[in-house]
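Novice: What follows is a single structure, and I will ask about it in a moment.
Values quoted throughout were computed directly from the atomic coordinates according to the rules given, and no laboratory measurement underlies them. Values in this document were obtained by computation on a predicted structure and should not be read as measured data. Using ideal geometry, Cβ is built from the backbone for each residue, glycine included, and neighbour counts are taken over all protein chains shown.
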Amino acid sequence: MKGCVYVRYRDNPLKLWALMLIGMTMSATAAIVSAQVSLTTVVDLAQRNSSEVKLAQAGVDKANAALAQSKDVYIPSLALGSTLGYSIGFPTGQPSIANATMQSLVFSIPQRQYIHAAQAGVKAASLSLKEAREQVALDASTAYIEMDTIGRELEAARQQEAFASRLVTIEQERAEAGVDPLSDLLQARLTAAQLKLKRIHLDTRAATLAKQLAILTGLPVGSITPDHATIPDIPAVKGDATPRTTAGIESAGLLARSKQLQAHGDDLAGKWPQIGFGAQYNLDSDALNDYSTYFKNFTPNNFAFGFAFQIPIFDRGRRSRSKESAADALRATVEAEQAQRQNEIQISSLTGNLRELDTLAEIASLKQQIADQQLQAVLAQLELGNGAAAGPGTPSQLTPKAEQLARIDERQKFQDAQDAGFDLAKARLSLLRALGHMEDWLAELHAK
């Protein structure tokens, strides 16, 4: 049985809108992936997205709250309440329908130490926030510069693979013609395999850096393409440059100072009296008890205020707390001194490494220039000949094989120079931070 089936298609407006939305999303995604992102933008996004910076900001907020709390004890606090209840016989409590209580601290020498300790804590937290922002800036800058370097190396590695493939083809033809032995062909294939492995290594490193920058900035993976023009020159700072106190070391010192003031306040708390002020209003009623039966001068409105004096005589708990605070202060002081010594050791180590890396970068650059000149000489000989007549002792004419080997060597020297330059830049940035000059780098970065 044969027949025809006719199907009527109708346009679905919702489907049209969905397709348009998908197209816009894909276009926006493609734009993000292909767009270049400046180093300044990466650093700013990393500082906003960093968990360390957020934790440091929470520390600042906590320190400010602690400072406000240490001062607020002098501001009278007000509380409202009620003690409604029914009693039979002699009343056991005050028949308060509503009451208002106000109290505050008037005089306390230890409290002044606590306020100073809280102020030092705020400064320490602020410097800790600055330290976190500088560390994030260093991490983001280092990853960005390395990714830019890896990008240039990857381009050179792909060119090497193309030259190696051409070399294998040439050796294949020469081996088949009996000009070169089979070992030369195998050596060419080995060279091609080694260059492929190196390119795979660079691809893996590039993917790792893309993921690292995505985590740092919160942008999608692969959406950051470095813009080399946005990377300012890193100052050739030396270890004998005038050091500044880094934010981290200064923060550790202020934290130790805060602990010392806290311990001093705890010690004074067991020696000096303190004065407090209090006031209370009660609205009383005998509707639910026999209060007026036993107290003839019962009045519904009652108010009282006065000062409270507290003189410490003997308190083992407070004395033990004072010893605990003193131990915390000693620990914080030692940690601050240790941070200072470690930073000095880092400066010394980075200074020595910089001298070596500077020389290695110079050597790598010279090797690249030499390889480039040798490549130009090979290309000139291939084009014009060796310039000598045929005869005994005359240099043999270069072949296309020599050209590919020269090109591969030149690209390799280029990658070595890029590696040496990145190692030098990374060490310089680390020394800038250790010397306390990271702010100068960030200022130059934002001015770029």
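Novice: Could you check which residue among LEU67, LEU129, LEU197 shows the biggest mean-square fluctuation in a GNM of the chain with a 10 Å Cα cutoff?
Specialist: LEU197
Novice: Please report, to two decimal places, log10 I(q)/I(0) for the chain at q = 0.08, 0.10, 0.14 Å⁻¹ as given by the Debye formula with identical point scatterers on the Cα atoms and no solvent.
Specialist: -0.79, -0.96, -1.29
Novice: Separate question: What does the charge count around SER322 come to, taking other residues whose C-beta lies under 13 Å from its C-beta (Lys +1, Arg +1, Asp -1, Glu -1)?
Specialist: Net charge in that neighbourhood comes out at +2.
Novice: Turning to a different aspect of this structure: Please identify the DSSP H helices in the chain that span no less than 27 Å along the helix axis (Cα) and have a mean Kyte-Doolittle hydropathy of 1.0 or more.
Specialist: Those that clear 27 Å and a mean of 1.0 are 13-34.
Novice: Provide the descending list of Cα extents for segment 204-332 along its principal axes, expressed in whole angstroms.
Specialist: Each principal axis gives a Cα extent; for segment 204-332 these are 92, 40, 25 Å.
Novice: Kindly flag which residue pairs out of LYS238/LYS367; LYS71/LYS323; LYS238/LYS259; LYS62/LYS238; LYS130/LYS196; LYS123/LYS271 have an alpha-carbon separation exceeding 32 Å in this structure.
Specialist: Violating the 32 Å limit, Cα to Cα: LYS238/LYS259; LYS62/LYS238; LYS130/LYS196.
Novice: Using only alpha carbon pairs under 8 Å that are at least six residues apart, calculate the relative contact order of the chain and give it in whole percent.
Specialist: 24 percent
Novice: Using alpha-carbon pairs under 8 Å, 6+ residues apart, how would you state the relative contact order of segment 129-266 in percent?
Specialist: Contact order relative to length: 30 percent.
Novice: In addition: Which of these, PHE295, PHE163, PHE277, has the largest mean-square fluctuation under a Gaussian network model of the chain (Cα springs below 10 Å)?
Specialist: PHE295
Novice: Summing -39500 (n - 2.57) over the DSSP H runs of n ≥ 4 in the chain and dividing by its residue number, what mean residue ellipticity at 222 nm do you reach, to the nearest 500 deg cm²/dmol?
Specialist: That comes out to -24000 deg cm²/dmol.
Novice: Please give me the summed charge of the neighbours of VAL179: other residues whose Cβ is under 11 Å from its Cβ, Lys and Arg +1, Asp and Glu -1.
Specialist: -3
Novice: Averaged over every viewing direction, what's the projected area of the C-alpha convex hull for segment 128-261? Give it in nm², one decimal, please.
Specialist: Over all viewing directions, segment 128-261 projects a mean Cα-hull area of 13.8 nm².
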